[in-house]
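**Q** My structure is below; once you've seen it, I'll send some questions.
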């Protein structure tokens, strides 16, 4: 497992959008592809379309594109075209997988910045392995906001890289790449505003207002840390 670092010497408050890291993660996930055409793409936790936009930018073609998300609001702003099928479903539920009737050998699965919210890793990856032979995942790990959690004295609300890798290897033959990012901020207040608006939970919901205020006073860095596990995988399911 390799480790790399991307540093963003930019201030998040200068941007209208608050998903800088998620956008970078989706770009990294798609830029490493060696195939320029897919029969059927499944984008799990598609959000507003980061994977789709990068597939378009890379000039990758497809026959069908299945965009699945638990948020109707996100699906509403996801791009449309005649090859896209939008599905409102939560990948943590059995019902979500009943919507997918593609042949496994003809489907390729993508998921960027979503699977860290799996309620039961074994349940989710056992079902994912049955959907598509080939899979490409980008999953935030507990290394995200490491110093913030350490300073606050709380545990990360998401999984460690070891937990993710152990379960994934039960269902896939996989290669793993660990990528670290830093996002700098002008003030700690800007930093916490980013956490609130970005959708990347820092576990701050575990804290009271008084605790958050104290954390803002003693947080020792001018940046946030992110850690993402990139996975290239082939399903072991028959």
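What follows is calculated from the coordinates using simple rules that are stated; it is not laboratory data. Bear in mind that the values here come from a model prediction, so they are computed numbers and not experimental data. Neighbour counts run over all protein chains shown; Cβ positions are idealised from the backbone, glycine included.
**Q** Given a Förster distance of 25 angstrom, what is the FRET efficiency for residue 39 paired with residue 72, based on the Cβ-Cβ distance and rounded to 0.05?
**A** The value I calculate is 0.35.
**Q** Still on this structure: Among 152-158, 41-47, how do they line up from the highest to the lowest mean number of other beta-carbon atoms within 10 Å? Intermediate values should be presented prior to the final figure.
**A** Working: 152-158: 16.6, 41-47: 24.4.
Going by the mean number of other Cβ atoms within 10 Å, highest first, we get 41-47, 152-158.
**Q** At 4 °C and 1.567 mPa s, grab the translational diffusion coefficient of the stretch 43-169 from Stokes-Einstein with a Kirkwood Rh over Cα pairs, rounded to a whole number in µm² per second.
**A** 83
**Q** I've got another one for you. Could you order peptides 138-149, 20-31 by the average number of other Cβ atoms within 10 Å of their residues, highest first?
**A** Details: 138-149: 21.8, 20-31: 19.9.
Result, highest mean first: 138-149, 20-31.
**Q** Show me 95-107, 58-70 ranked by packing, highest mean number of other Cβ atoms within 10 Å first.
**A** 58-70, 95-107
**Q** Taking the alpha-carbon centroid of each part, what is the distance from the stretch 221-238 to the stretch 79-97 in angstrom?
**A** Measuring centre to centre over Cα atoms gives 22 Å.
**Q** For the chain, give me the percentage of DSSP beta bridges that are antiparallel, rounded to the nearest 5 percent.
**A** In the chain, approximately 40 percent of DSSP beta bridges are antiparallel ones.
**Q** Quote the Stokes-Einstein diffusion coefficient, in whole µm² s⁻¹, for the stretch 130-238, based on the Kirkwood radius over alpha carbon pairs, a temperature of 10 °C and a viscosity of 1.306 mPa s.
**A** Roughly 103 µm²/s, to the nearest whole number.
**Q** Among 173, 213, 119, which one moves the most in a GNM of the chain with springs linking Cα atoms closer than 10 Å?
**A** For the chain, modelled as a Gaussian network with Cα springs under 10 Å, the answer is 213.
**Q** Further question: So for the chain, Kirkwood radius off the Cα pairs, Stokes-Einstein at 4 °C and 1.567 mPa s: how many µm² s⁻¹?
**A** Diffusion coefficient, whole number: 70 µm²/s.
**Q** Another one. Give me the one-decimal nm value for the distance between modelled label points at residue 146 and residue 223, 7 Å along each residue's Cα-to-Cβ direction.
**A** Here the answer is 1.3 nm between the modelled labels.
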